[in-house]
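Reviewing the structure listed below.
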Amino acid sequence: MRSTTTLLMLSSSVSTTPPPLPKHTLPTTNPKQPSKQSKPPPPPSSSSSSHSHSHRPPLLSTVRWGERRQSHNRINYYAELASKLVEDGRFEDFFMIVETVTSGGGSSALKPVEFAALLNSDLVSKGILSVIESDGGVRNLIKVLTGFQKLGIGGAGAVEVFLSDRSLMEAIGRESMKILKCGGVAEVVDLMETLSGFHISIEDVVEPIEVIRNCVDKRNPHAAIRYSGLCTHSDEIFCTAIHEFGKRADMASALTVFEASKHNLGCVNMYAYRTIIDVCGLCCDHLQSRSIYEELSAENINPNLYVFNSLMNVNASDLSYTMNIYKHMQNVGVTPDTASYNILLKSCCLAARVIWPRKFTVR
């Protein structure tokens, strides 16, 4: 049965006529397959497409994302290392790291302010506190803060957070008071000037009157001018300095501070004029008070009631001058008050123009 089937298959294959061959092709027992060049390429299948994609280079966005991630990790590492260096008081190494990390060019380079925001505030505060408590604390602190400013992180919000730590500010205040008691007012003013560059209210560090009184003790009006200009309420501190110098009968220093206040405040401050006129009375220099008043008149500036009263009080020994000021005050529309009339009565008494009766009865 098996042999019969084989014969049938062979006979069928022999009886079938083979297809005609092209003229340029020789007949062979095994016909040659047509060349691949004459055969159109098959369309790419899904499996071959995925295989070819696996050998393509990664997209540019993927590469950049990976680079940014590596850069972010590296920057965080440097920020942690820099914070620990500050904690150990190794500020020179800290400055070197900050300069290295932020020295790269290009728009994508990390800015010093951005790097400062990554620092550990607790570690940095501890490091600065150790500087204050060391020998030469104020001078060393000035060097450290100046280093922050040179690197461009002087106005960074993160640095302000470090310095706003309560324990840190109290330590700075205690050290500043020690320096003041030793007569180092110039060094304290240097520190206050440096701290003001970090937008810190220096009135909260040391009481302004303590600094001003030390400036007066040292007869150092220039230190008083520097400090007053740094304060938030500089107009009040200038007037305090003027008055404190006047109490010590230092008219020259008081005038120096007064002239500096006019340039520093940038406006006519009647409180400062009143204070300097009062100081003229303390120093028994009524002619200087008249000169200051004439300066206002030359600029067509009318003083307020308090300046007029101070001027009349200082010149109360000259009744004619006091009466002229009183009349001028009324002419410019300034209404006298009770203090004005009391000063006029005082001037009359000093001039002996009013003769009180020897005997009078009170009903």
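Taken together, Ser253, Ser228, Ser289 contain a single residue that is within 25 Å of His328 (Cβ to Cβ), open to solvent by less than 50 Å² (accessible area, probe 1.4 Å) and of a type in the set (S, T, N, Q), which is Ser289. Given the conditions (1) surrounded by fewer than 15 Cβ atoms within 10 Å (Cβ to Cβ); (2) touching a Ser or Thr at 6+ places or on another chain (Cβ under 7 Å); (3) within 30 Å of Ala186 (Cβ to Cβ), and given that Glu133 satisfies all but one, which numbered condition is not satisfied? Failed condition: (2). For Met192, the test of being closer than 21 Å to Asn140 by Cβ and crowded, with 18+ Cβ neighbours inside 10 Å is passed.
Just a yes or no: is a residue in the range 292-304 under 17 Å from Ala249 (Cα atoms), open to solvent by 10 Å² or more (accessible area, probe 1.4 Å) and within 43 Å of the chain's Cα centre (by Cα)?
No: the range 292-304 contains no residue that is under 17 Å from Ala249 (Cα atoms), open to solvent by 10 Å² or more (accessible area, probe 1.4 Å) and within 43 Å of the chain's Cα centre (by Cα).
Looking only at the range 273-280, decide whether some residue is among the hydrophobic types (A, V, I, L, M, F, W, C), closer than 29 Å to Glu236 by Cβ and at pLDDT below 95. No, because not a single residue in the range 273-280 is among the hydrophobic types (A, V, I, L, M, F, W, C), closer than 29 Å to Glu236 by Cβ and at pLDDT below 95.
Which one is least open to solvent (accessible area, probe 1.4 Å), of the residues in the range 164-189 that are of a type in the set (D, E, K, R) and closer than 16 Å to Asn220 by Cα?
First pass over the range 164-189, keeping only residues of a type in the set (D, E, K, R): 165-166, 170, 174-175, 178, 181, 187.
Next, only the ones that are closer than 16 Å to Asn220 by Cα stay: 181, 187.
Details: Lys181: 169, Glu187: 44 Å².
Going through the qualifying residues, I end up with Glu187.
Criterion applied to Val257, Val279 was being closer than 26 Å to Ser176 by Cβ and touching a helix residue (DSSP H, G or I) at 6+ places or on another chain (Cβ under 6 Å), and the one residue passing it is Val257. With respect to (1) surrounded by 17 or more Cβ atoms within 10 Å (Cβ to Cβ); (2) more than 48 Å from the chain's Cα centre (by Cα); (3) of a type in the set (Gly, Ala, Ser), the lone exception for Ser320 is condition (1). Restricting to the range 255-297, give me the number of residues that are free of Cβ contacts under 8 Å to residues at least 12 places away in the same chain, part of a helix (DSSP H, G or I) and not acidic (Asp, Glu). The number of residues fulfilling the criteria is 5. Pairs only if they're at least six apart or on different chains, beta carbon under 9 angstrom, first in the range 173-185 and farther than 20 Å from Leu163 by Cβ, second modelled with pLDDT under 90 and part of a helix (DSSP H, G or I); list them, first residue then second. Cβ pairs passing all conditions: Gly184/Val138.
Counting only helices (runs of 4 or more DSSP H) wholly contained in the range 116-206, the ones carrying 2 or more residues that are of a type in the set (Lys, Arg) and closer than 28 Å to Ile225 by Cα occupy 137-150, 166-181.
Could you say which residue among Gly137, Gly173 is touching a helix residue (DSSP H, G or I) at 6+ places or on another chain (Cβ under 6 Å) and among the small types (Gly, Ala, Ser)? If you could, list the steps in order and put the result at the bottom.
Details: Gly173 fails: touching a helix residue (DSSP H, G or I) at 6+ places or on another chain (Cβ under 6 Å).
None of the other options fit; the residue is Gly137.
Among the residues of the range 305-317, which ones are open to solvent by less than 60 Å² (accessible area, probe 1.4 Å), under 17 Å from Cys280 (Cα atoms) and assigned to a helix (DSSP H, G or I)? Walk me through it before giving the result.
Initially, the range 305-317 is screened for residues open to solvent by less than 60 Å² (accessible area, probe 1.4 Å), giving 305, 307-312, 314-316.
Now restrict to residues that are under 17 Å from Cys280 (Cα atoms): 307-312, 314-316.
Once the filter is applied, which keeps residues that are open to solvent by less than 60 Å² (accessible area, probe 1.4 Å), under 17 Å from Cys280 (Cα atoms) and assigned to a helix (DSSP H, G or I), the range 305-317 yields Val307, Phe308, Asn309, Ser310, Leu311, Met312, Val314.
The values are calculated or read from the model by the stated rules, or taken from the named source; none is laboratory data. This structure is a prediction, so every number in the text was calculated from the model and none was measured. Because the Cβ atoms are built from the backbone with ideal geometry, glycine has one as well, and the counts that use them run over all protein chains shown. Side chains included, ligands, DNA and RNA excluded: accessible areas come from the protein's heavy atoms. Shrake-Rupley method; radii C 1.70, N 1.55, O 1.52, S 1.80 Å.
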